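S.K.: Below: one structure in structure tokens.
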Amino acid sequence: MSGNFWKSSHYQQWLLDPQEIMLHRIKDLQAFNLKEDEYYKLMIFFANFIQALGENLRLRQQVIATATVYLRRFYSKYSLKCIDPFLLAPTCLFLATKVEEFGLPSQHRFATVTANLVKTKYSHLFPQEYPYKIGHIWECEFYLLEVMDCCLILYHPYRPLVQFVNDLSPDDQSLLQQAWRVCNDSLRTDLCLMYPPSLIALGCLHIACVHLKKDAKHWFSELNVDLEKLFEVVRHIMFLYDIWKSFDEKDKIKEIIGKIGKPRLSNASGEQPPQTLQMAQRPHVISQQQQNQPQQDIRTQHYKL
């Protein structure tokens, strides 16, 4: 792990150009006949899903944030039809608990909690039993690692945010709490794919200052940052709040998810081995030689974390 963000894989490989993100996304918009705001709402929904699952498992916010970024990274490169988001979301959280060294008491309990959450909170989307078991999550984890090229270490805005608040207004807990909430909300945008965490933290702090009517113009004017990029971060977050304000999740999401459809499972009970998961389209990240090998060979590859 690099202690310097500017030398990390996060900076060198996973700060993407907005046009590159949109180039991949537009294929989904066309394939599923989705509007751009519908795709945006879909990503908000699955970030909320990860948040709810993480809270049910009593995970730290940093684990939840890491999982949300993993989800964003996967779908910045591959289509929604590659892996069902209802499988990828818990897989991202499962992997994040390992990366952030937050031990789970039981892997099978993880799958059980996920199924119970879907049954209690998202029954309108799953009239039948949640189809994915721990075996599916194990298999999906390997595809996720492959797509991210095992770049697992993330830098979040939380640490620089605390430093900025201490510099601007030491011991101002109301400002820190408000900015922290905005940081959590920023995970529902593409900011984690486009900007360094320190710039995201400044954007969140700016919004918090405006919300609390705290005059911080002089402090911001002395920063050695690109103000245009800072205001772009602010615009992304404000756009999120505009979308979120009119987003009735329970009413709208079923229609949006209905356009995407779901991959088929050869055995919905999940009692078959993980390789029975029939993806609508597997990520094309495996070499032709590997594709000709048995599934077991793919699952037993070794990854360097």
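S.K.: Identify, by number, the condition in (1) assigned to a helix (DSSP H, G or I); (2) under 23 Å from I153 (Cα atoms); (3) in contact with a Phe, Trp or Tyr (Cβ under 8 Å, 6 or more places away or on another chain) that H24 doesn't meet.
M.R.: (2)
S.K.: For residues in segment 10-28 being in contact (Cβ under 8 Å) with a residue 60 or more places away in the chain and surrounded by 14 or more Cβ atoms within 10 Å (Cβ to Cβ), which is farthest from the chain's Cα centre (by Cα)?
M.R.: Only one residue tops the list, namely Y11.
S.K.: Against the conditions (1) crowded, with 23+ Cβ neighbours inside 10 Å; (2) at positive phi, where does L88 fall short? Just the number, please.
M.R.: All conditions pass for L88, except number (2).
S.K.: So, one more: Name the pairs: first residue in segment 220-237 and free of Cβ contacts under 8 Å to residues at least 12 places away in the same chain and over 21 Å from C192 (Cβ atoms), second residue open to solvent by 100 Å² or more (accessible area, probe 1.4 Å) and hydroxyl-bearing (S, T, Y), Cβ to Cβ under 7 Å, at least 6 apart or on different chains?
M.R.: Listed pairs, sorted by first residue: none to list.
S.K.: Further, regarding this structure: Please determine whether any residue of segment 36-47 is of a type in the set (K, R) and not in a helix (DSSP H, G or I). Please lay out each step first, then the result.
M.R.: Going residue by residue through segment 36-47, those that are of a type in the set (K, R) are 41.
Then drop every residue that is not not in a helix (DSSP H, G or I), which leaves none.
Checked segment 36-47: no residue is of a type in the set (K, R) and not in a helix (DSSP H, G or I).
S.K.: Give the residue, chosen from L202, L193, that is of a type outside the set (K, R), in contact (Cβ under 8 Å) with a residue 60 or more places away in the chain and not in a loop (DSSP other than H, G, I, E, B). Before the answer, list the steps.
M.R.: Numbers: L202 fails: in contact (Cβ under 8 Å) with a residue 60 or more places away in the chain.
Only one candidate qualifies: L193.
S.K.: Can you tell me which condition A31 does not meet? The list is (1) touching a Ser or Thr at 6+ places or on another chain (Cβ under 8 Å); (2) of a type outside the set (F, W, Y); (3) under 19 Å from Y143 (Cβ atoms); (4) surrounded by fewer than 16 Cβ atoms within 10 Å (Cβ to Cβ), and all the others hold.
M.R.: (3)
S.K.: Which of the residues spanning segment 128-143 are under 30 Å from W180 (Cβ atoms) and surrounded by fewer than 21 Cβ atoms within 10 Å (Cβ to Cβ)? Spell out how you get there, then give the answer.
M.R.: So in segment 128-143, the residues under 30 Å from W180 (Cβ atoms) come out as 137, 141.
Selection gives E141 alone.
S.K.: Any residue at all in segment 154-168 that's in a helix (DSSP H, G or I) and within 28 Å of E38 (Cα to Cα)?
M.R.: No, that holds for no residue.
S.K.: Further, regarding this structure: Only one of L161, L205, L187, L191 is buried (at least 21 other Cβ atoms within 10 Å of the Cβ), at pLDDT 90 or above and within 25 Å of L104 (Cα to Cα). Can you tell me which? Full working, then the answer.
M.R.: On the way: L161 fails: within 25 Å of L104 (Cα to Cα); L205 fails: within 25 Å of L104 (Cα to Cα); L191 fails: within 25 Å of L104 (Cα to Cα).
Among L161, L205, L187, L191, only L187 is buried (at least 21 other Cβ atoms within 10 Å of the Cβ), at pLDDT 90 or above and within 25 Å of L104 (Cα to Cα).
S.K.: Go through segment 219-244 and report how many residues are open to solvent by 90 Å² or more (accessible area, probe 1.4 Å), more than 20 Å from N184 (Cα to Cα) and in a helix (DSSP H, G or I).
M.R.: Final tally of qualifying residues: 1.
S.K.: Can you pull out every residue in segment 245-262 that is more than 19 Å from the chain's Cα centre (by Cα), assigned to a helix (DSSP H, G or I) and in contact (Cβ under 8 Å) with a residue 24 or more places away in the chain?
M.R.: Passing the criteria: K250, K252, K254, K259.
S.K.: Quick one: count up the residues across segment 208-218 that are open to solvent by 20 Å² or more (accessible area, probe 1.4 Å) and touching a residue at least 24 places away in the same chain (Cβ under 8 Å).
M.R.: 3
S.K.: So in segment 245-264, with the set limited to residues that are of a type in the set (K, R) and under 18 Å from E36 (Cβ atoms), which one is surrounded by the most Cβ atoms within 10 Å (Cβ to Cβ)? Outline the logic, then answer.
M.R.: As a first pass, look at segment 245-264 and keep what is of a type in the set (K, R): 245, 250, 252, 254, 259, 262, 264.
Still in the running and under 18 Å from E36 (Cβ atoms): 245, 252, 259.
Details: K245: 7, K252: 15, K259: 13.
Taking the candidates together, the pick is K252.
S.K.: Out of everything in segment 96-108 that is more than 26 Å from K77 (Cα to Cα) and part of a helix (DSSP H, G or I), what residue ends up being most open to solvent (accessible area, probe 1.4 Å)? Give the derivation first.
M.R.: We begin by selecting, within segment 96-108, every residue more than 26 Å from K77 (Cα to Cα); these are 101-108.
Now drop any that are not part of a helix (DSSP H, G or I), which leaves 107-108.
Details: Q107: 78, H108: 111 Å².
Only one residue tops the list, namely H108.
S.K.: So which residues in segment 109-127 are open to solvent by less than 20 Å² (accessible area, probe 1.4 Å), of a type outside the set (A, V, I, L, M, F, W, C) and at pLDDT 85 or above, if there are any at all?
M.R.: Of everything in segment 109-127, just one residue is open to solvent by less than 20 Å² (accessible area, probe 1.4 Å), of a type outside the set (A, V, I, L, M, F, W, C) and at pLDDT 85 or above, namely T114.
S.K.: It is to be established whether one or more residues within segment 109-131 are assigned to a loop (DSSP other than H, G, I, E, B) and touching a strand residue (DSSP E or B) at 6+ places or on another chain (Cβ under 9 Å). Reasoning before the result, please.
M.R.: Start the filter on segment 109-131 by keeping residues that are assigned to a loop (DSSP other than H, G, I, E, B), which leaves 122-131.
When the remaining residues are screened for being touching a strand residue (DSSP E or B) at 6+ places or on another chain (Cβ under 9 Å), the result is 131.
The answer is yes, given that some residue of segment 109-131 is assigned to a loop (DSSP other than H, G, I, E, B) and touching a strand residue (DSSP E or B) at 6+ places or on another chain (Cβ under 9 Å).
The values are calculated or read from the model by the stated rules, or taken from the named source; none is laboratory data. Quantities reported herein were computed from a predicted structural model and do not represent experimental measurements. So basically every Cβ, Gly included, is an ideal-geometry build from the backbone, and we count neighbours across all protein chains shown. With ligands, DNA and RNA removed, areas are computed over all heavy atoms of the protein, side chains included. Shrake-Rupley method; radii C 1.70, N 1.55, O 1.52, S 1.80 Å.
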